[in-house]
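J.: Please see the structure below; I have some questions.
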Amino acid sequence: MKSELDEITFYYLFLDSVVFSGGRLTISLSQGAVSIEKEDVPIVEQIKIKGARRVDVFDSSLGFEVVFDDTVFCQVIGESANNFIKDENEHDGNIMTFKSSALLDYLKNDTLLF
C-alpha cells in the first residue's frame, strides 16, 4: 500500500490503537522521537543496557489514521517472530497485505467468513 507513510522510517511509527468493528478496520499510528539523552537501563540485578535512548511520542508528534472498509479479518503480528517464506504478500510500504497464507487458508476453509 503506497501512501505518505512510505516516507517515514517504519521504526519511528508506533501502534496507538487498532479498532475492528462492523467490517471497518481503523489503525492509529504515532511518530516517535529518539531522545538525545542516554541512560543506563537495569535489566536484572547487576546487569544494565548502557547508553540506551528513550523513544517518546509527544502531543506535537505526527499522527496517522489508516482506515480499511469491508475488512474481513485482521491480525497484528510481531514481524521478527514470524516466517513469511510460504506466504504471498504485497509489501509496498509500511503496511503489509497478504494474498495467501496459512491463516487465510484456515479462514477460507474452516470458517464462514468467506
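J.: Quick check: Cα centre of segment 24-41 to Cα centre of segment 47-62, how many Å?
T.: 7 Å
J.: With a probe of 1.4 Å, find how much accessible area segment 17-77 has per residue, and write the answer as a whole number in Å².
T.: Using a 1.4 Å probe on heavy atoms only, each residue of segment 17-77 averages 77 Å².
The values are calculated or read from the model by the stated rules, or taken from the named source; none is laboratory data. The structure displayed is predicted, hence computed values, not measured ones. These area figures cover heavy atoms from the full protein model, side chains too; ligands, DNA and RNA do not enter into them. Shrake-Rupley method; radii C 1.70, N 1.55, O 1.52, S 1.80 Å.
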